[in-house]
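Chemist: Next up is a structure, given as structure tokens.
The values are calculated or read from the model by the stated rules, or taken from the named source; none is laboratory data. Predicted model, so just to flag it, every value in this text is computed and none were measured. Neighbour counts are summed over all protein chains in view; Cβ atoms, including those assigned to glycine, are modelled from backbone coordinates with ideal geometry. When the accessible area is computed, the model is the full protein with side chains, heavy atoms only, and any ligands, DNA or RNA have been set aside. Shrake-Rupley method; radii C 1.70, N 1.55, O 1.52, S 1.80 Å.
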Amino acid sequence: RPLLCVGRRGITGFLTQRGQDWCEDSTNQSRDYTRNRIRGELIPYMEDHINGKAAENILRSGRMFAEADRYLAGQAEILWQEHGRLELHAAGGGPSAACGTGELPGETGTQPQFPRCSRRAQIPCSLFLAQDPVIRSYLVRRMLDAAAPGQKNVTARHFRQIEELAGKSSGSRCDLPG
């Protein structure tokens, strides 16, 4: 990733000029992978038939999207820090000190294991619903990170379902993977 802004020729030229060997992943030549079809077929087609600077434009757009992503995540983080709450719950019960001894896991950089405990991230519904939809999405992501660090396979569909829960009556639920 750090060399996305440098093309293959630039990298190999740099290494050759310095007499440095390199190693190439054998899968890079296989058209079985989408990334290789994009790199080997789609981008050259776009540069030849649509815009000679297609790859540059895509990279520039990617950098802009990354900046926007950092900003939006930061805005959601501010709301979370000011209004969010993370609780540990004993299995089958409410908040419990038996789950931990003060600091919440994930908040100090460590990940202690608390058997039979679940984590619940909460933010006031009225505040959540008052946010722009894109900020709500980032808040949901932040809350999932707090409640279930490392959660995988959560899709846009799950995000929509979670957002819809905020407008429903108590007792509604959404099942997530894991």
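Chemist: Sorted by packing (mean other beta-carbon atoms within 10 Å per residue), highest first, where do 120-127, 140-147 land?
Modeler: By packing density, highest mean first, the sequence is 140-147, 120-127.
Chemist: Ignoring everything but the protein chains, give the 1.4 Å probe accessible area of Leu176 in square angstrom, nearest 10.
Modeler: 60
Chemist: Relative to the present Cα-Cα distance, how much length would full extension add between Glu24 and Arg39 at 0.36 nm per residue of separation?
Modeler: Here the answer is 3.9 nm.
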